[in-house]
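Engineer: Okay, handing you the structure first.
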Amino acid sequence: RLRQDEMEQRVWDIKEQLGSRLFIPGHYYQKDEVIQFADATGDSLQLAKVAAENKEAEYIVFCGVHFMAETADILSEPEQTVLLPDRRAGCSMADMADIKQVRTAWNILQDLFGDTMIPLTYVNSTAAIKSFCGEQEGATLTSSNAHRMLTWAFSKKERILFLPDQHLGRNTAYDLGVPLENMAVWDPIQEKLEWDGDLEQVQMILWKGHCSVHEKFTIDNVEEVRAQHPDAHIIVHPECSFDVVQAADENGSTNKIIETIRQAPAGSKWAVGTEMNLVNRLTKEETEKAVFSLNPNMCPCLTMNRIDLPHLLWSLESILEGEPHHIIQVDEETKQWSLTALDRMLTR
Ligand code: 13P
Ligand code: SF4
């Protein structure tokens, strides 16, 4: 068994040996022991763009979760191979919607609303769901472009089926002026629309999914911070619940949170409602500011954390051995339609 410093040295050596044949994108929520090796870091949108731009690397070792590696495969060239260092690195939110459930929902909802709906899916979803959206004239979105994509979708149809994160859907639509009274929730387990009013009124149909990390931030956390640090700014990710987002001072994508704190004046205080590895990194980097988690018990993303140094090394060694492990490959038909859905986002 190698010690930590030996593993690190081995990863540096392999990176040097493979040179431009290897590309490692890393999401901001990855552990420090992994992110130090990333050739590009970013939020979901930035990493999708980076994956689309890189035409050179033979191997893309994706340090993030499964849906991100799928997106990289969809956007990459046929001769590029995408690897995920640990196949168990999924996303609990993406797991809350599977394609069978989505097709069932769409059929039932079409009986209620006819041809007045357009599906939008957060990139935190399977390739099959992205593909469904592409086929039904819809698109993908991320937390960085959610306002733009909802505005686009409303220019096409009267109502949006928003997958799979109810909070991002609700928070964004509310910002755009859709009242809460016009938002219904689709329960995929009960196969039922939670709604007892006039159907004509429905503008947003929110899939009943959530992020298990961001849902852990509560109104109690906000009140405690307001009481203990009245001078702190509270900034949260829009995957947090509606109440928390409304009670915070600001909300935005991972990238917006980072930029806001980096640009803030020295001496300012920030209570942050997002993933723990990122908050800890900001605390360390922004030494002239006080940066801490909005939830004192902190909120790690357990699946992001499955990508650790031993798994990264194991993945890289498998390339050298000529038998790359955990290849993420989306089938051709799914690829085609999900590319359509992603392109509608990337070109806007
Ligand atoms: P962004 O990276 O788009 O902010 O999304 C956050 C997230 O939960 C990624 O899984
Ligand atoms: Fe999924 Fe939430 Fe983890 Fe992002 S932070 S990968 S949405 S569980």
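The values are calculated or read from the model by the stated rules, or taken from the named source; none is laboratory data. Please read these numbers as outputs of a predicted model, since none were measured by experiment. No Cβ is skipped: glycine too gets one built from the backbone with ideal geometry, and neighbour counts run over all protein chains shown.
Engineer: Taking segment 301-324 as the region of interest, how many residues are within 14 Å of ligand 2 (Cβ to nearest atom) and either in a loop (DSSP other than H, G, I, E, B) or over 17 Å from the mean Cα position of the chain (by Cα) (or both)?
Structural biologist: 4
Engineer: Sticking with this structure for a sec: Would you confirm, using the coordinates I've provided, whether Met298 is within 16 Å of ligand 2 (Cβ to nearest atom), on the phi > 0 side of the Ramachandran plot and not small (Gly, Ala, Ser)? If you could, list the steps in order and put the result at the bottom.
Structural biologist: On the way: within 16 Å of ligand 2 (Cβ to nearest atom): yes; on the phi > 0 side of the Ramachandran plot: yes; not small (Gly, Ala, Ser): yes.
Yes, satisfied.
Engineer: Moving to a separate point now. Return the residues of segment 277-311 that are farther than 22 Å from Glu8 by Cα and of a type in the set (S, T, N, Q); say none if nothing qualifies.
Structural biologist: Thr283, Thr287, Ser293, Asn295, Asn297
Engineer: Report every pair of residues separated by at least 6 positions or lying on different chains whose Cβ atoms are under 6 Å apart, first residue within segment 62-80 and touching a residue at least 40 places away in the same chain (Cβ under 8 Å), second of a type in the set (D, E, K, R) and part of a helix (DSSP H, G or I).
Structural biologist: So the pair list comes out as Ile74/Lys335.
Engineer: Let me ask another. List the number of the failed condition for Lys289; all other conditions in (1) touching a Phe, Trp or Tyr at 6+ places or on another chain (Cβ under 7 Å); (2) closer than 17 Å to Glu224 by Cβ hold.
Structural biologist: In the conditions (1) touching a Phe, Trp or Tyr at 6+ places or on another chain (Cβ under 7 Å); (2) closer than 17 Å to Glu224 by Cβ, Lys289 misses (2) alone.
Engineer: Kindly list, by first and then second residue, each pair from a residue in segment 332-344 that is crowded, with 19+ Cβ neighbours inside 10 Å to a residue that is hydroxyl-bearing (Ser, Thr, Tyr) and part of a helix (DSSP H, G or I), limited to pairs with Cβ atoms under 6 Å and residues at least 6 apart or on different chains.
Structural biologist: Thr334/Ser131; Trp337/Ser131; Ser338/Ser131
Engineer: Please specify each residue of segment 73-99 satisfying the condition of being hydrophobic (A, V, I, L, M, F, W, C), away from ligand 2 (no atom under 15 Å from the Cβ) and closer than 21 Å to Trp337 by Cβ.
Structural biologist: Of everything in segment 73-99, those that are hydrophobic (A, V, I, L, M, F, W, C), away from ligand 2 (no atom under 15 Å from the Cβ) and closer than 21 Å to Trp337 by Cβ turn out to be Ile74, Leu75, Val82, Ile99.
Engineer: Would you be able to say whether some residue in segment 61-82 is more than 16 Å from ligand 1 (Cβ to nearest atom), surrounded by 18 or more Cβ atoms within 10 Å (Cβ to Cβ), assigned by TED's automatic domain parsing to the domain that holds Gly138 and closer than 23 Å to Asn145 by Cβ?
Structural biologist: For segment 61-82, residues more than 16 Å from ligand 1 (Cβ to nearest atom), surrounded by 18 or more Cβ atoms within 10 Å (Cβ to Cβ), assigned by TED's automatic domain parsing to the domain that holds Gly138 and closer than 23 Å to Asn145 by Cβ: absent.
Engineer: Mind checking which residues of segment 11-38 are among the small types (Gly, Ala, Ser) and under 23 Å from Thr283 (Cα atoms)?
Structural biologist: Within segment 11-38, Gly26, Ala38 meet the criteria.
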